[in-house]
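Working notes, beginning with the structure itself.
The values are calculated or read from the model by the stated rules, or taken from the named source; none is laboratory data. Predicted, not measured: the structure shown is a model, and the values here were computed from it. Cβ placement follows ideal geometry from the backbone for every residue including glycine, while neighbour counts extend to all protein chains displayed.
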Amino acid sequence: MTLVLKIDPEKPDLNDVWVAARFLREGGLVAFPTETVYGLGANALDEAAVLRIFQVKNRPTDNPLIVHIANKDDVNVLAERVPDIAERLIDIFWPGPLTLLLPKSELVPAVTTAGLATVAVRMPSHPIAQALIKEADVPVAAPSANLAGKPSPTSAKHVLDDFFNKIEVVIDGGEVGYGVESTVLDVTVDPPVVLRPGPITVGELRQILGRVEVHPIAKAEMPAEAAIAKAPGMKYRHYAPKAELVLVEGSPRNVVDKIKELKESYEQLGKRVGIMATAETAGEYGSALVKVVGERKNLRTIAKGLFKTLREFDLENMDVILAEGVEPEGIGLAIMNRLRKAAAGLVKME
Ligand code: TXA
Ligand code: MG
């Protein structure tokens, strides 16, 4: 059985939060909304519960989990040491979508960090996530609440599609805000390195820290297998839709023209073609199955619509999805990182 609790994010009902928190404390799996995507939570200190996360997700056990806390101070319990630059970032960006890699303390079991010496910690800003973690009074290990290889969930429906009757509780707190997962920053090295781009942009981090590097795998410019994976999860092909996704990058005009060409060719082969377009260009494609992911003039809307649109295409039984790329700047880098990792093929235009 999966208990579904509908909770108002504006005013979380503390009785419902209490019920969910009990399940967490007692070793259950509880999916909950965060400001980025839905997470699949377990008590991070309970090895058996954490192991179940890997099992139900079908996640390789060498891919470590992020540990979520509700008080800034709790970072000191999970990390052996918190470097000064981490302190500064915590002051500025927590609670929020920034995950910090820190040297782990003895307290954190090896299964949670996949045997690594570091632990990834984040303090979510979503009121339901905060209330749940506070009430459970344990650090909460939570990957995105999707089966391994599927797009991350941005609504409770997505979570139920993947885990109905496989986990104890799903908290339905409506649609999430950002739609892409948190920025992952390694602060154990100097200069710090972005391992996964997210809502806190490289530009924002550089404003605070000066030098910040972006791992090539975070840009997804090299084939994941070829990179020496610092974040083990980065080496897996993620977010893969059922259809073959072909990503077309370049200036909007060239992208549109190339997608039209590709559409014709695939259709000639008898393939069912879907197009993931932006509001500005969706009118260009004629009869094809076109889904609007968001607006180019506001990349946040594209981040928010990305995983939902990929999941919608999965229900349409398309053979090929032709996706428009966007400028990999600001949150656009997070969008392009997800798309490049989902893509079976990439076409680069001027
Ligand atoms: O926004 C988010 O971060 C969401 C919500 C639920 O908080 N969580 C999330 O978790 O995206 P997950 O497991 O889907 O992605 C965590 C990423 C993986 O790529 C993993 O390899 C990396 O963080 N990671 C976790 N711990 C790590 C560690 N100790 N060293 C390197 N990478 C780590
Ligand atoms: Mg994930």
message: Given the condition touching a helix residue (DSSP H, G or I) at 6+ places or on another chain (Cβ under 6 Å) and among the charged types (D, E, K, R), answer yes or no: does some residue in the stretch 169-183 qualify?
response: yes
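Within the stretch 161-170, how many residues are within 16 Å of ligand 2 (Cβ to nearest atom) and either modelled with pLDDT under 95 or not in a helix (DSSP H, G or I) (or both)? Walk me through how you get there before you give the answer.
Start the filter on the stretch 161-170 by keeping residues that are within 16 Å of ligand 2 (Cβ to nearest atom), which leaves 161-163, 167.
Now narrow it down to the ones that are either modelled with pLDDT under 95 or not in a helix (DSSP H, G or I) (or both): 167.
So the answer is 1.
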Scope the stretch 142-160; condition outside any helix (DSSP H, G or I), away from ligand 1 (no atom under 11 Å from the Cβ) and hydrophobic (A, V, I, L, M, F, W, C); matching residues: Leu147
query: Mind checking whether some residue in the stretch 122-129 is in a helix (DSSP H, G or I), under 18 Å from the mean Cα position of the chain (by Cα), crowded, with 22+ Cβ neighbours inside 10 Å and near ligand 1 (Cβ under 9 Å from one of its atoms)?
result: yes
- prompt: Quick check: is even one residue across the stretch 171-180 under 20 Å from the mean Cα position of the chain (by Cα), of a type in the set (Phe, Trp, Tyr) and not in a loop (DSSP other than H, G, I, E, B)?
  reply: no
- line: With criteria (1) more than 27 Å from Leu205 (Cα to Cα); (2) at pLDDT 95 or above, Gly294 comes up short on (1)
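The rows are residues; the columns are (1) without any contact (Cβ under 8 Å) to a residue 12 or more places away in the chain; (2) of a type in the set (A, V, I, L, M); (3) under 21 Å from Glu26 (Cα atoms); (4) within 16 Å of ligand 2 (Cβ to nearest atom).
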residue: Leu45; (1), (2), (3), (4): no, yes, yes, no
residue: Asn76; (1), (2), (3), (4): yes, no, no, no
residue: Ala79; (1), (2), (3), (4): no, yes, no, no
residue: Trp94; (1), (2), (3), (4): no, no, no, no
residue: Leu116; (1), (2), (3), (4): no, yes, no, no
residue: Val119; (1), (2), (3), (4): no, yes, no, no
task: Please work out which residue is farthest from Gly27 (Cα to Cα), limiting yourself to the stretch 122-143 and to residues that are touching a helix residue (DSSP H, G or I) at 6+ places or on another chain (Cβ under 9 Å) and within 16 Å of ligand 2 (Cβ to nearest atom).
output: Pro124
